[in-house]
Amino acid sequence: MSLQVNHPNARRAIRLWLLVVGAMVYAMILIGGATRLTDSGLSITEWDPIKGALPPFGPEAWDALFEKYKTTAEYRFQNSGMSLAEFQYIFWWEWAHRFFGRVIGLVAVGGVVVFALRKWLNGPLLRRLLLLVLLGGLQGFIGWWMVASGIGETDRLDVAPYRLMTHFSLALLIIALTMWTWLDLGEKPQVPEQSAPRGWALGLLILLGLQLAAGALVAGLDAGRTYTDWPLMAGEAFPSDYVADGLGIRSLFEGRAATQFNHRLLAYALFAGVLMAWRRYPKDGFGLLALLISLQAFWGILTLVSAAPLGLALIHQALGVVILLVAVRLLWRLTPTRQTDR
């Protein structure tokens, strides 16, 4: 579907705004990854959309926040005895994550309001932009729902991995929809009605989305630091503890062995699939996707055998999002244009 904007200045302005929003969401994903990898996500135990935008001022404010953090299971069983300075380190990661989310919200809502007042938005485009804003608002609620799983009367040392997966997956949906909208507002080459390569592009995009969601489960459980050999896992082709004691079917979302093994299997399937697509349709744009997925496979193995240090893990996540955007663009290019109502 191609979105239409009659005024050339409007098209340029909206595309620039979408580019800024997309870049901010990308940065937000990386900040969120660093927040998770530094175990900072539970350092702020309350959700206050207004007052929470201000950082703590003075020793009393810091002491009050630190006392609230001490009520969490993460502090009692993992960080007991940490200093105030150590708490401040993880606090600033989480505070920056939430603050930047507020900034993105202001930029997104502000842009839609300005464009609407200038009468630059027709029906289809307005609905698309409002959808992006609503998804951004939902992301804030999902973020708190995620954090809430690790505070209060709970024995969790981290947030629930399936909630982290939901939070991350929604961020990917937002940045993918932003990319698609940006592309729709640009010039699109005419493509023939070929369902086969488009089907491959769609299948690879779906598989890639599942792989990225599986990676979020691995990150949420620190599973990447549990089994650090490859191609085997703890010397086994299939982990004997795939179904963890006491978890049963929940091992698929909460078991370290199951989540990492599934992440590996999806990686193999994605790697094989993109190579097959490239071989079948060498002139349809699958080459760049194949190159990036190959690089990601190498980097994923390097990150794994290095026990997922912060730097390598963040690059792995950053490249994964880039691959998603390349896959989105490929599917967009292979989708014939349909005009919308002006």
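Annotations
- log₁₀ of I(q)/I(0) at q = 0.13 Å⁻¹ - the chain, Debye sum with one point per alpha carbon: -1.07
- Cα centroid separation, the range 1-80 to the range 119-163: 11 Å.
- Anchor LYS68: lysines whose Cα lies under 29 Å away (excluding residues fewer than 8 positions away in-chain): LYS51
- Label point distance in nm, LEU126-LEU295, each placed 7 Å from Cα along Cα→Cβ: 4.2 nm
- Rounded to the nearest 500, the helix-only mean residue ellipticity at 222 nm of the chain stands at -23000 deg cm²/dmol, with each DSSP H run of n ≥ 4 adding -39,500 (n - 2.57).
- Pairwise label distance in nanometres, SER169 with ARG156, each label 7 Å out on the Cα-Cβ vector: 1.6 nm
- Stretchable slack from TRP230 to TRP92, in nm (0.36 nm times residue separation minus alpha-carbon distance): 46.2 nm
- The GluC sites (Glu not before Pro) of the range 1-106 meeting both criteria, a DSSP state outside H, G, I, E and B (loop) and at most 15 other C-beta atoms within 10 angstrom of the site's C-beta, are GLU46.
- Chymotrypsin sites (Phe, Trp or Tyr not before Pro) restricted to the range 255-342 and DSSP loop, no more than 11 other C-beta within 10 Å: none
- Full extension of the segment from LEU30 to ASP245, taken as 0.36 nm per residue of separation minus the current Cα-Cα distance, would add 74.1 nm.
- From most to least packed by mean Cβ count within 10 Å, the peptides 171-182, 318-329 give 171-182, 318-329.
- With a Förster radius of 30 Å applied to the beta-carbon distance between VAL20 and ILE50, the computed FRET efficiency rounds to 0.75.
- Extension gain (nm, one decimal) between ALA237 and VAL107, 0.36 nm per residue minus Cα-Cα: 41.9 nm
- Neighbour-limited loop hits for GluC sites (Glu not before Pro), the range 182-273 (at most 16 other Cβ within 10 Å; DSSP other than H, G, I, E, B): GLU187, GLU193
- Rounded FRET efficiency, nearest 0.05, which uses the C-beta distance separating LEU134 from VAL114 and R0 of 22 Å: 0.75
- GNM flexibility winner over the chain from VAL147, VAL243, VAL274 (Cα, springs under 10 Å): VAL243
- The largest-to-smallest principal axis extents of the Cα set in the range 190-342 are 55, 29, 29 Å.
- Residues in the range 26-60 that a label on LYS70 would reach, taking backbone N under 19 Å of a point 7 Å out along Cα→Cβ: 42-46, 56-60
- Once the convex hull of all Cα atoms in the range 1-139 is built, its volume per residue stands at 127 Å³.
- For the range 59-110, the spread of Cα positions along each principal axis, largest first, Å: 44, 24, 16
- Mean separation of Cα contacts under 8 Å, 6 or more apart, over the residue count of the chain: relative contact order %: 25 percent
- Dipole magnitude for the chain: about 1860 debye, using +1 per Lys or Arg Cβ and -1 per Asp or Glu Cβ, origin at the Cα centre.
- All lysines inside 20 Å of LYS283 as judged from Cα atoms, apart from same-chain residues fewer than 8 positions distant: LYS188
- Between the range 284-299 and the range 210-267, the alpha-carbon center distance in angstrom: 24 Å
Here, each number is a calculation from the coordinates, and none is a lab measurement. All values derive from a computational prediction rather than experimental measurement. Positions of Cβ are backbone-derived with ideal geometry, glycine not excepted, and every protein chain shown enters the neighbour counts.
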